[in-house]
1. Using mean Cβ contacts within 10 Å as the protection proxy, how do 255-266, 239-250 order, highest first?
2. Please check which bits of segment 9-51 a label hung off residue 91 would reach, taking the label as a point 7 Å along Cα-to-C-beta and the cut-off as backbone N under 16 Å.
3. List, in order, the whole-Hz ³J(HN,Hα) value for each residue of segment 100-110 obtained from phi through the Karplus relation with A = 6.51, B = -1.76, C = 1.60 and θ = phi - 60°; use x for Gly and Pro.
4. Given a Förster distance of 25 Å, report the FRET efficiency between residue 257 and residue 59 from their Cβ-Cβ distance, rounded to the nearest 0.05.
5. Work out from phi, with θ = phi - 60° and the Karplus expression 6.51 cos²θ - 1.76 cosθ + 1.60, the ³J(HN,Hα) of each residue of segment 244-256, listed in order in whole Hz, and give x for Gly and Pro.
6. Return the long-range amide H neighbours of residue 145 (sequence gap of 5 or more, or a different chain), with a cut-off of under 5 Å between placed amide H atoms.
7. Quick check: from the Cα gyration tensor, does segment 54-109 come out rounded (a/c under 1.5), prolate or oblate?
8. Could you give the radius of gyration (one decimal) and Dmax (whole number) of the Cα atoms in segment 95-164, in Å?
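FYI, it's all coordinate maths here, none of it is from the lab. Values in this document were obtained by computation on a predicted structure and should not be read as measured data. Quick reminder, even Gly has a Cβ in these numbers, built from the backbone with ideal geometry, and neighbours come from all protein chains shown.
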Amino acid sequence: MSDQPSAADEIMDGVYRALRAHGYADLTMQDIADECSKSKSLLHYHYDTKEDLLVAFLDRVITDSERRIAAHADDPPAERLAGFIGWFVFEPEAVDREAFHIALLELRTQGPFNEPIREQLVRSDRLLRGTVVDILESGIEEGVFRDVDVEETAALLVATLDGARTRQITLSRGATAADGDEAEGESAAAERSDGSDGSDDSDDSDGSDEDGSADEGSGHAPSDGTAGVSDTADRPEPAYTRAVAEAALRRIVEPLLAAGAELPSLEDGIAAMAPVDEDERE
């Protein structure tokens, strides 16, 4: 049995690479032919138009996602949910993945005007929400999650993660200081929603331990004179998808957990759903 990829696999891999390189709007059949080492005439032999080929590609992407999700069907529900959330996270340096999702975003705009593309988009949405529903139902049955409206919770979680990914790929390259101010404001609002105004209500208002030494992070000036300078000032901002995924675990998943159930880490979730090879489409 040959290990060589089929012509169909080569064409789909070519579509993937061409979308990353050219996006949807500027993509041509010749671009795809160049990426898969097939002739343009051969592509037209199998697919009448670029749209026909892209619909077939979307079908392949969704089928691959179905297989990937099915491979984790026997994992514990909380771990599966963390893995699902981690699936949406990608860092700014993942430029190929970003380019691919930008192209997919362009494709999604064709949904209202192209019925075959819309059908694939609806199928993808049903897969994502259905996966979360299945995880929640399994978790409720096993006593890991509280009894909640699974359809409503799935819709909220998918919309949150999908929106975060869209925001990252559309705004990350044009981020400004205003974005940082907005994020800081959102963080402060979240603290207020928890009933905290950010102040320390402890009796030890001088920020000292019983032995008189200053607590770490108490606000006392460091001895080297760098008062007010944070040691995290030079660290890059986390990817927006990562920040939202962390918030989803805390704000959506953690309240779902039954007594005694543990919240999996986002890193474990990301690792669980990591692609097997670099060309795996996410």
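1. Numbers: 255-266: 14.3, 239-250: 19.7.
Answer by packing, highest mean first, reads 239-250, 255-266.
2. Hits in segment 9-51 for residue 91 at 16 Å: none.
3. Per residue, the Karplus-derived 3J(HN,Hα) values read 5, 6, 5, 5, 5, 5, 4, 4, 5, 5, 7 Hz.
4. Computed FRET efficiency for residue 257 and residue 59: 0.10.
5. For segment 244-256, the Karplus-derived couplings read 6, 4, 4, 5, 5, 4, 6, 8, 10, 6, 4, x, 7 Hz, x marking Gly and Pro.
6. Excluding prolines and chain starts, which carry no amide H, the hits are 140, 258.
7. Numbers: a/c = 2.88, a/b = 1.41, b/c = 2.04.
In terms of gyration-tensor shape, oblate.
8. Values for segment 95-164 (Cα only, Rg and Dmax): 15.1, 44 Å.
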